[in-house]
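Read-outs throughout are calculated quantities, based only on the coordinates presented, and are distinct from any laboratory measurement. Since the structure is predicted, the reported quantities are computational estimates derived from the model, not experimental observations. All Cβ positions, glycine included, derive from the backbone under ideal geometry; neighbour counts span all protein chains shown.
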Ligand SMILES: *Cc1c(COP(=O)(O)O)cnc(C)c1O
């Protein structure tokens, strides 16, 4: 801190600080100027941090459903919105606000709204911004539950979905009709790691007044920041890499303020708000996000390369391999490759299941994004509800196995897969 008194500007700063009675303002996180200049790793640890009068170092957990007022007049002003401040944790909560500010800083977004889960974030985006009669175009390779959301629930309210192949820009263009309001996709996709060209799709969408919404769950902002490529909105399942340790459910929607205002209105009215406890866990998770993502991605790349050499394996899907069809695009859009990979073993379901059962380190679970490596058989679990035709169209064959690589020693993971190979 500068305390010289030879320039008027710095004198003024000192005076302001003295008036506040503190040598520096310990209650606030990064100043707007610093926010603009520091690196991702600094934002992940510091952005959004706020301190109470107590001066706690770690972010406080405000585990309270409601807030009190100094007077009836103050209560009236808060409810009228003429005075800022908390009312009720379905609307705002200081711990949740810290989570929102930190994630917004990481994604380079104007605003973030936290939600109770990733699915709540997707539903909030759709219900806040679409109406009956609107149409959306969605990639076939989205998360299984997302498919059910569009096909079963949004369809009930007159929102029609056209399904297209993620990487086929012509198909996206051909699906546009006068009522099309939104494109929705995940990139890279799960479990095959296909990559969408975000700049191309954003251009196409914007030519037709369509919003481009991207689920950025698999890369997280540590590896990919979709808003840089013209994407309008990001949705997250914080349950995955943002927490990174498999503890809590949560989600978020990010983007421009005017769009987020609608999403916020939906959340505070319809109730899928994030729990302050979960927000507090995610704040801690984000502090190690970049370190984890880099270490996990490095291991995933080495394992993908090793899997390519295995006679029992007929195919490996990983964006980090030069033979992957969208490898160049992945290099352009991502700082690194997501720590998810999949491979096909000869011998179909029987061989895949026996390999999974023979592993001793990998957890057999549908979840991903954890420090613990997980192994999944998509055809009978995460993608089990798809029709046979949809599975075939999405490349979900019976011999396919998905790995989410965690923080165990990569040699131990490789040894475990080696001893489990059929
Ligand atoms: C898990 C997941 C979701 C849903 O998130 P929840 O937090 O489980 O509701 C959405 N999108 C993707 C890509 C996911 O992996």
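Structure above, values below:
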item: Residue exposure sequence - 39, 232 - by fewest surrounding Cβ within 10 Å; result: 39, 232
item: Surface/4 of the Cα convex hull for the range 199-343, nm²; result: 10.5
item: Separation of alpha-carbon centers, the range 249-327 and the range 198-247, rounded to whole Å; result: 10
item: Exposure proxy order (Cβ contacts within 10 Å, fewest to most) of 69, 264; result: 69, 264
item: Value at 222 nm in deg cm²/dmol, rounded to 500, when DSSP H runs of n ≥ 4 in the chain each add -39,500 (n - 2.57); result: -11500 deg cm²/dmol
item: Crossing angle, helix 257-270 versus the chain [Cα axis fit, 0-90 degrees, rounded to tens]; result: 80
item: Rounded tilt (10° steps) of 289-307 against the dominant C-alpha axis of the chain; result: 10
item: R0 of 30 Å, Cβ-Cβ distance residue 203-residue 157: FRET efficiency to nearest 0.05; result: 0.50
item: FRET efficiency, residue 58 to residue 31 (Cβ-Cβ, R0 22 Å, nearest 0.05); result: 0.65
item: Within a Gaussian network of the chain (alpha carbon springs, distance under 10 Å), most fluctuating of 133, 319, 193; result: 133
item: 145, 382, 376, 82 arranged by Cβ crowding within 10 Å, fewest neighbours leading; result: 82, 145, 382, 376
item: Relative contact order, percent, the range 327-422 [alpha-carbon distance under 8 Å, six or more residues apart]; result: 38
item: Inter-label distance, nm, simple model (7 Å from Cα along the C-beta direction), residue 110/residue 365; result: 3.8
item: Cubic angstrom per residue, convex hull over Cα atoms of the chain; result: 169
item: Max mean-square fluctuation residue, GNM over the chain, Cα-Cα springs under 10 Å, options 146, 269, 37; result: 37
item: With Cα atoms, 0 to 90° folded angle of helix 198-207 axis to the chain main axis; result: 70
item: DSSP bridge pairs, the range 94-286: antiparallel proportion in percent, nearest 5; result: 35
item: Potential lengthening between residue 357 and residue 269 on full extension [0.36 nm per residue; Cα-Cα distance subtracted]; result: 27.1 nm
item: Gaussian network model of the chain, Cα within-10 Å springs - most flexible of 201, 223, 35; result: 35
item: Using a Förster distance of 41 Å, the FRET efficiency for residue 418-residue 173 (Cβ separation, nearest 0.05); result: 0.35
item: Over 21 Å [Cα-Cα, the range 111-210], rounded percent; result: 32
item: Among beta bridges that DSSP assigns inside the chain, antiparallel share in %, nearest 5; result: 55
